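Scroll down for the structure; my scribbles are underneath it.
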Amino acid sequence: MAGPVVLVTSASGRIGKELVARLKTSGRFTVRAATHSEAKGEYLKKLGADEVVRFDLTDKGTWDAALKDVEAVYSASLDPLLEHHLAFSGYLGGLRHQVKHVVRVSCMGADTNTASYNPESHVSREGAGIPIMLQHYWWGEKALVDAGLPLTVLRANFFMNHLLKTSTDTIDTEGWFSNPLGKTRNSFVCTNDIAEVAAICLLEGPQKHANKFYDITGPVPQNMDEIAADLSAAMGKKVEYRPQVFADFESDFGPTRAAFFEYLCNGFYSRCSPDFYNLTGRKPTSYAEYLANKGAAGETGLEELYQANMWKKGEDAMKAAVTAVSKH
């Protein structure tokens, strides 16, 4: 007998594909994979999706079919699509009679329900506010809270491979990568771990996880030289870290992403949370383990490093999104 339908948004993303594979293994859900690109349908079916549906946050015409008979939703969206996620949250609120649980991936740092962050108060610089990207993450959560949905939020630290995706060319050709993080240690998180926790929360359901907000981090804070050492071991060649002037990073990626990275430089994301252990019974995955070991979707972190990336040098991926949301 088919189980209740769970909709996995961003199903071909680094968390979504892991979640599809894990949920299928459980045999408890009918797994409906939502994807912007129909070309990824066969790949998602091989991972375990029972159904594949076209879903586009920017196209409301795709929402009804994607949500037909759905009882649980894994919600994820690219940072520049916040405006559309806010609209989708309101739409989900209209399905409260049908949708029994939503699990949302987010990031800690600006929330005002479980903490009392003041958006006007930067943690390390006087006269500045919390980086707008962190505020966006909270707004994305709050929209679902306000919609009255049974909600679980996974507030993840910075993804391990987001650090290096913009440096794969120099890693391959010259053996180095660069960013402004330097000696600051951050507890970067493995995306496979986020998927594991998402699966647990969906499988155990809202009875146990509704109105819960979990901080998901790595097992140890690492600086860039330590990251370079782990990457060198995984690649079998020397890779070094070269410090980058912060102004150059802002020039490469724009002020919004640079403001977020300032929190990675000032120690805000150094702590390790026990939430992953409390949910799974084991320590989080280390960066070295992530690079070397295959996840449920069959890929190592080293393989995933070379896959799609929305951040590109010379492009401000957040500029239009900040302008759009500021109008609301």
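The values are calculated or read from the model by the stated rules, or taken from the named source; none is laboratory data. None of these values were measured; they are calculated from a predicted model. Cβ: placed from backbone, ideal geometry, glycine included. Neighbour counts: every protein chain shown. Surface accessibility is based on the protein's heavy atoms, side chains included, excluding ligands, DNA and RNA. Shrake-Rupley method; radii C 1.70, N 1.55, O 1.52, S 1.80 Å.
The figures follow:
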read-out	value
Residue satisfying all of: in the range 51-84; in contact with a Lys or Arg (Cβ under 7 Å, 6 or more places away or on another chain) and without any contact (Cβ under 8 Å) to a residue 60 or more places away in the chain; farthest from A321 (Cα to Cα) among these	E51
Residue pairs meeting the criteria (Cβ under 8 Å; at least 6 apart or on separate chains; first under 19 Å from S75 (Cα atoms), in the range 27-48; second among the aromatic types (F, W, Y) and at pLDDT 95 or above)	A34/F55; T35/F55; H36/F55
The lone exception for G298 - which of (1) open to solvent by less than 80 Å² (accessible area, probe 1.4 Å); (2) more than 27 Å from L47 (Cα to Cα); (3) touching a helix residue (DSSP H, G or I) at 6+ places or on another chain (Cβ under 9 Å); (4) in a loop (DSSP other than H, G, I, E, B) it fails	(2)
Identity of the residue in the range 209-268, basic (K, R) and within 14 Å of N179 (Cβ to Cβ), that ends up least open to solvent (accessible area, probe 1.4 Å)	R257
Any hit, the range 128-138, residues being out of contact with any Lys or Arg (no Cβ under 8 Å at 6 or more places or on another chain), of a type in the set (G, A, S), free of Cβ contacts under 8 Å to residues at least 12 places away in the same chain and open to solvent by 60 Å² or more (accessible area, probe 1.4 Å)	no
Listing of strands (runs of 3 or more DSSP E) fully contained in the range 1-107 that carry 1 or more residues being within 22 Å of the chain's Cα centre (by Cα) and within 23 Å of E204 (Cβ to Cβ)	5-8, 30-35, 70-75, 101-106
Evaluation of A147 against (1) more than 18 Å from Y290 (Cα to Cα); (2) open to solvent by less than 20 Å² (accessible area, probe 1.4 Å); (3) in contact (Cβ under 8 Å) with a residue 60 or more places away in the chain (one fails), failing number	(3)
Complete set of residues in the range 172-194 that are more than 23 Å from the chain's Cα centre (by Cα) and either surrounded by 24 or more Cβ atoms within 10 Å (Cβ to Cβ) or free of Cβ contacts under 8 Å to residues at least 40 places away in the same chain (or both)	D172, T173, E174
Residue within the range 78-99 that is touching a Pro at 6+ places or on another chain (Cβ under 7 Å), within 26 Å of F158 (Cα to Cα) and at pLDDT 95 or above present	no
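Condition check ((1) open to solvent by less than 20 Å² (accessible area, probe 1.4 Å); (2) more than 18 Å from E299 (Cβ to Cβ)) across all residues:
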{"residue": "L23", "(1), (2)": "yes, no"}
{"residue": "G27", "(1), (2)": "no, yes"}
{"residue": "H36", "(1), (2)": "no, yes"}
{"residue": "K45", "(1), (2)": "no, no"}
{"residue": "D56", "(1), (2)": "yes, yes"}
{"residue": "H85", "(1), (2)": "yes, yes"}
{"residue": "F88", "(1), (2)": "yes, yes"}
